[in-house]
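**Student:** Have a look at this one.
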Amino acid sequence: MRSAGVLRLAMAVTFAVSLGHAEDPVVKFEVPQAFRVGSHEYASGTISVRPLRDYNPTTALLEVRVNDQCIGMMSARRDASTDRASRTEALFTRDDEGRLVMTGFRSTGTTFRFQEPAVAQASAPTAALIGSN
């Protein structure tokens, strides 16, 4: 079994431009083995990610689809990449069962890392969860 360290897999990538939104390309990754995005698990498939808008200066909201089915919006921390990727790459780790878990993607000059949803605690006031990173 491989370690749970970050695996950077360069997948075959296809760029597509959504109609009417030439500035927001859809990035697609073909994943030929079992993987998970968020809480959704798949035997294999195509992951599509499209930026929707900026939530704040460091966080983007992304629409995520798997096999052309929308699984929802995810927030992603946007960082300037120190590595200049020559192509767009999907970023994965492996879970305890060896399944790929998508953690984000890197495009030329920018890395998007998915953020885990905030977990509400019974004692935490609702206001404290709003806008927290």
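The values are calculated or read from the model by the stated rules, or taken from the named source; none is laboratory data. Computed from a predicted structure; not experimentally measured. All Cβ positions, even for glycine, are placed from backbone atoms using ideal geometry, and neighbour counts span all protein chains on display.
**Student:** Just for the range 41-61: of the residues that are outside any strand (DSSP E or B) and of a type in the set (Ser, Thr, Tyr), which one is nearest to THR110 (Cα to Cα)?
**Tutor:** Across the range 41-61, the extreme among qualifying residues is THR58.
**Student:** Test each condition in (1) at pLDDT 50 or above; (2) surrounded by 12 or more Cβ atoms within 10 Å (Cβ to Cβ) for MET11 and report the one that comes out false.
**Tutor:** (1)
**Student:** With THR59, THR93, THR103, THR88 as the choices, which residue is of a type in the set (S, T, N, Q) and farther than 24 Å from ALA34 by Cα?
**Tutor:** Exactly one of THR59, THR93, THR103, THR88 is of a type in the set (S, T, N, Q) and farther than 24 Å from ALA34 by Cα, namely THR59.
**Student:** Where residues in the range 77-96 are among the β-branched types (Val, Ile, Thr) and assigned to a loop (DSSP other than H, G, I, E, B), which of them is surrounded by the fewest Cβ atoms within 10 Å (Cβ to Cβ)?
**Tutor:** THR82
**Student:** Another question, then. Do we have GLY45 as within 18 Å of CYS70 (Cα to Cα), at pLDDT 95 or above and of a type in the set (Gly, Ala, Ser) here?
**Tutor:** It is true that GLY45 is within 18 Å of CYS70 (Cα to Cα), at pLDDT 95 or above and of a type in the set (Gly, Ala, Ser).
**Student:** In the range 42-67, how many are more than 15 Å from PHE114 (Cα to Cα) and either touching a residue at least 60 places away in the same chain (Cβ under 8 Å) or in contact with a strand residue (DSSP E or B) (Cβ under 8 Å, 6 or more places away or on another chain) (or both)?
**Tutor:** 6
**Student:** I want to confirm something. Restricting to the range 58-76 and keeping residues that are of a type in the set (Val, Ile, Thr) and over 13 Å from ILE47 (Cβ atoms), which single residue is surrounded by the most Cβ atoms within 10 Å (Cβ to Cβ)?
**Tutor:** THR59
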